[in-house]
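Remarks on the structure that follows.
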Amino acid sequence: MKIKINGNLYDGYKGETLMELAKRNHIDIPNLCHKKGFEGQGRCRLCMVEVKDKNKVKTVSACVYPIKDGIEVFTDSENIRKLRKDIILLLLLRAPNNEYINKLSMDYNIIAPHKYIDSTGTENCILCGLCVKACEKMGTKSISLVNRGTSKKVSTPYDDASKDCIGCGACAEVCPTKAINLKDEEGIRTIWNKKFELVKCSMCGKYCTTKESIEFIKNRIGEYEILCDSCRKKEISKKFKDVCRNTL
């Protein structure tokens, strides 16, 4: 399939979305809720683009729109920039002191009216839903989007420490605005109003995960070596080199 984006032709694959095609070709389309492994959310709407299909022009979310042969895409038209500015302004009003949102507002030259800004506000969550998806994929489902309207938020059941939370930190890892407070201190992890005892990496000796996470994984795949991310990457790299050496 041939797709024209901002005047340039690109080869697309069947089943690919506009966002996937753009990322593969290093075309910048701003987004907050799209992350590898968590595609197709369509929540933040920052990835809106214009698509011309024959004689029709429509505005779509790039992260969920499947490509089609012959379409023409505009990622930074005047109309799209206006839409993005409106969305970023709303995000800025919700989380005026968030570093990531402030950077977006500067990139698009957006200044929110002072009378609507709470300079003492501590809100960082933009309700993108990535943390909830991560928790679901882990299989714990200990957090969810609750309430409606202006009181909507991500929380545990009744805002209490969830019995299902294993303290893995996947939710904090995928959060684009660092809204989830995860604290590791003296071998104890605190997250979602719950404390967890941390376990050390078997190679470097650094604290890397919780006892609950280890038990959770063991129940699914059996015994495994406890490694931090850094040591795991080193081990994978070492095994890859060994395989390559043995095949030469």
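FYI, it's all coordinate maths here, none of it is from the lab. Small disclaimer: the values here were computed from a predicted structure and weren't measured. Note that we place each Cβ from the backbone using ideal geometry, even for glycine, and neighbour counts take in every protein chain shown.
Figures for the structure shown
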quantity	calculated
In the range 204-248, the chymotrypsin sites (Phe, Trp or Tyr not before Pro) that fall in loop regions by DSSP, at most 12 other Cβ within 10 Å	TYR224
Built amide H within the under 5 Å cut-off of TYR207, gap 5+	CYS201
Karplus-derived 3J(HN,Hα), 6.51/-1.76/1.60, for each residue of the range 42-57, Hz, glycine and proline x	x, 9, 6, 6, 5, 8, 4, 9, 9, 10, 9, 10, 6, 9, 9, 10
Viscosity 1.567 mPa s, temperature 4 °C, Stokes-Einstein D of the chain from Kirkwood C-alpha radius, µm²/s	62 µm²/s
Computed helical MRE - 222 nm, the chain, DSSP H runs ≥ 4 contributing -39500 (n - 2.57), nearest 500	-9500 deg cm²/dmol
Under DSSP loop assignment and at most 14 Cβ neighbours within 10 Å, longest trypsin sites (Lys or Arg not before Pro)-free interval of the chain	69-140
Residue-count net charge about LEU32 - beta-carbon cut-off 10 Å; Lys, Arg +1, Asp, Glu -1	+3
Cα-based Kirkwood hydrodynamic radius, the range 1-113, one decimal, Å	14.7 Å
Cut-off 9 Å between beta-carbons: net charge of the residues surrounding TYR108, Lys and Arg +1, Asp and Glu -1	+2
Percent RCO, i.e. relative contact order, over the range 1-123, from Cα pairs under 8 Å lying at least 6 residues apart	24 percent
